[in-house]
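Following: one structure in structure tokens, then a few remarks.
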Amino acid sequence: MTTTAAPGAQALAHEWIKFRSVRSTVWTTVATAVLPVLGAVFVATSGSLQSDDTVLGGSLTLSVVAQMLAAVVGALVVTGEYSSGTIRTTFAARPRRSGVLAAKAVLVAGVMYVLALASCTLAYLVGDALLPEGRYAQGAPLPALFGIAASFAVAAVLGLAVGTLVRHSAGAVTTVIGLLLLPSLFGPLFGDAERWIAGVSPTAALEKLTQTSDAAAASVGSLGPWPSLLLVAGYTTALMLGALVLLRRRDV
């Protein structure tokens, strides 16, 4: 007696094969995992940590850059297929486009969550081991590390949504990095509204979760870390739904 895998499992397996077959995606994923640990070593050995910072925040100094790379990975997962033309084969084999996009979303979110949780936990442990004991506040790594990993997953799905909408690698990467950076860059131009504008950025939610001294209410908003993460997840979901509608309506 033979059994066949469920369509969703098959789609996920196919997406995994494609994911690990593209060098740019693989190497960007590796860089996403390595950066937080390198940042922890650099901060601890350079003595650059501020006195009002936490061990957790200092150890995850480069987590914001890593989060951007996670978003880039999400974008490349779909734009790579558009660039190579294999998206036509994908949709020919699986005409239900919503299933294809869902499989990609589950894959990038799952991969980034697991990698970020492992990498950021290791970065924290490395920083804790290398930094002078008792000099800095410890911070609260749990349950923050789970939220930090979730923020990477959300950023990857955001990148996937942007990639689906733009369909061009360079344009999608530029757009998604802009979405992560521009609120913080342009927030100060809006005076008292800075906290509201900068606070909607995925990087703001991440900074709050890492408990860095840079996450002051005046610059990243007074909304708590978990509500901030839920806000980012909410508009990311909305953007994904918009990308799905457009994916169904237009030609490949």
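The values are calculated or read from the model by the stated rules, or taken from the named source; none is laboratory data. Nothing here was measured: the structure is a model prediction, and the numbers come from that model. Cβ placement follows ideal geometry from the backbone for every residue including glycine, while neighbour counts extend to all protein chains displayed. When the accessible area is computed, the model is the full protein with side chains, heavy atoms only, and any ligands, DNA or RNA have been set aside. Shrake-Rupley method; radii C 1.70, N 1.55, O 1.52, S 1.80 Å.
Things to note:
- Among the residues of segment 204-232, the ones that are surrounded by 18 or more Cβ atoms within 10 Å (Cβ to Cβ) and in a helix (DSSP H, G or I) come to 12 in all.
Residue-by-condition table, conditions (1) in contact (Cβ under 8 Å) with a residue 24 or more places away in the chain; (2) open to solvent by 20 Å² or more (accessible area, probe 1.4 Å):
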| residue | (1), (2) |
| --- | --- |
| ALA102 | yes, yes |
| PHE146 | yes, yes |
| ALA153 | yes, no |
| GLY159 | yes, no |
| THR174 | no, yes |
| GLY191 | no, yes |
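- Test result for VAL72, under 18 Å from the mean Cα position of the chain (by Cα) and buried (at least 21 other Cβ atoms within 10 Å of the Cβ): yes
- Close contacts from segment 2-20, counting a first residue that is more than 16 Å from LEU76 (Cα to Cα) and loosely packed, with under 15 Cβ neighbours inside 10 Å and a second that is modelled with pLDDT under 85 and small (Gly, Ala, Ser), with Cβ to Cβ under 9 Å and a gap of 6+ residues or different chains, come to ALA13/ALA5.
- Condition check for LEU247: crowded, with 24+ Cβ neighbours inside 10 Å and hydrophobic (A, V, I, L, M, F, W, C): no
- Test: ALA140 is closer than 21 Å to SER21 by Cα and either open to solvent by 50 Å² or more (accessible area, probe 1.4 Å) or in contact (Cβ under 8 Å) with a residue 40 or more places away in the chain (or both): no
- Within segment 14-60, considering residues that are aromatic (Phe, Trp, Tyr) and in contact with a helix residue (DSSP H, G or I) (Cβ under 7 Å, 6 or more places away or on another chain), the one farthest from ALA155 (Cα to Cα): TRP16
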